[in-house]
Amino acid sequence: VQLQAFGGGLAQAGGSLRLSCAASGLTFSRYAMGWFRQAPGKEREFVAAINWSGTSTYYAESVKGRFTISRDKAKDTVLLQMNSLKPEDTALYYCARRFSTSPYDTLDGYDYWGQGTKVTVSS
């Protein structure tokens, strides 16, 4: 039972990457989902979240207007389109399934976590 995040890699500042998250052994079609990131030496932080139906999205101020979270219900995947990347976006990116009604940006509201995919943005 796990989530897997894909799509990380190396990008130049101003470039784009698209992350995807898929489930194995569980479903998240009825759950809100989130993306978090953790830079070296820093705590894990909220990036974006989407409700179970895909009709509401939430973003950290640092990525608002540059990142877009979406979900493909047919494929049971969650996507994070990252545009206008900055060197400070460099981090391990994790997808997670939200199980509680706590605020979207709190880590303890999520139960299953992917293994992380590395994003490196060069200046």
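The values are calculated or read from the model by the stated rules, or taken from the named source; none is laboratory data. It should be emphasised that the depicted structure is a prediction, and the values quoted were computed from it without experimental measurement. In this analysis, Cβ positions are derived from the backbone assuming ideal geometry, glycine residues included, and neighbour counts consider all displayed protein chains. Just so you know, the surface numbers come from the protein's heavy atoms only, side chains and all, with ligands and any DNA or RNA stripped out. Shrake-Rupley method; radii C 1.70, N 1.55, O 1.52, S 1.80 Å.
Using a 1.4 angstrom probe on heavy atoms only, work out the carbon and sulfur share of the accessible area of the chain in %. Let's see the in-between values first.
Values: 3070 of 6280 Å².
Carbon and sulfur atoms account for 49 percent of the accessible area of the chain.
The phi-based Karplus calculation (6.51 cos²θ - 1.76 cosθ + 1.60; θ = phi - 60°) puts the 3J(HN,Hα) values of region 90-99 at 4, 4, 8, 9, 10, 9, 8, 9, 8, 10 Hz, whole numbers, x for Gly and Pro. Taking 0.36 nm per residue of separation and subtracting the Cα-Cα distance, full extension of the segment from ARG66 to SER100 would add 9.5 nm. Straight-distance candidates among the aspartates and glutamates for linking to LYS86, with alpha-carbon spacing under 17 Å and chain neighbours fewer than 8 residues away dropped: GLU45, GLU61.
Peptides 75-83, 19-27 ranked from most to least packed give 75-83, 19-27, packing being the mean of other C-beta atoms within 10 angstrom over each peptide's residues. Given SER24, LEU107, PRO87, which one lies farthest toward the positive end of the charge dipole of the chain, if we put +1 on the Cβ of every Lys and Arg and -1 on the Cβ of every Asp and Glu? Sorting the options by dipole projection puts first SER24. Work out the FRET efficiency for ALA74 and GLN2 from their Cβ-Cβ distance, taking R0 = 22 Å, and round it to the nearest 0.05. Efficiency, from the Cβ-Cβ distance: 0.60.
The modelled label-to-label distance for the pair ASP108/GLU45, using points 7 Å beyond Cα in the direction of Cβ, is 2.1 nm. Modelled this way, with points 7 Å down the Cα-to-C-beta line, the labels at SER84 and LEU26 are 3.4 nm from one another.
Our estimate of slack between ARG18 and SER56, defined as 0.36 nm per intervening residue step minus the Cα-Cα distance, is 11.7 nm.
Cross-link partners of LYS64 among aspartates and glutamates, defined as those whose alpha carbon lies under 13 angstrom from its own and excluding same-chain residues fewer than eight positions apart: ASP89. In terms of Cα atoms, the Rg and Dmax of the chain work out to 13.2, 39 Å. Net charge dipole, region 60-123: roughly 240 debye, given to the nearest 20, about the Cα centre with Cβ charges of +1 for Lys and Arg and -1 for Asp and Glu. With 21 Å as the limit on Cα-Cα distance, the pairs of LYS73/LYS118; LYS75/LYS118; LYS42/LYS118; LYS42/LYS73 that go past it are LYS73/LYS118; LYS75/LYS118; LYS42/LYS73.
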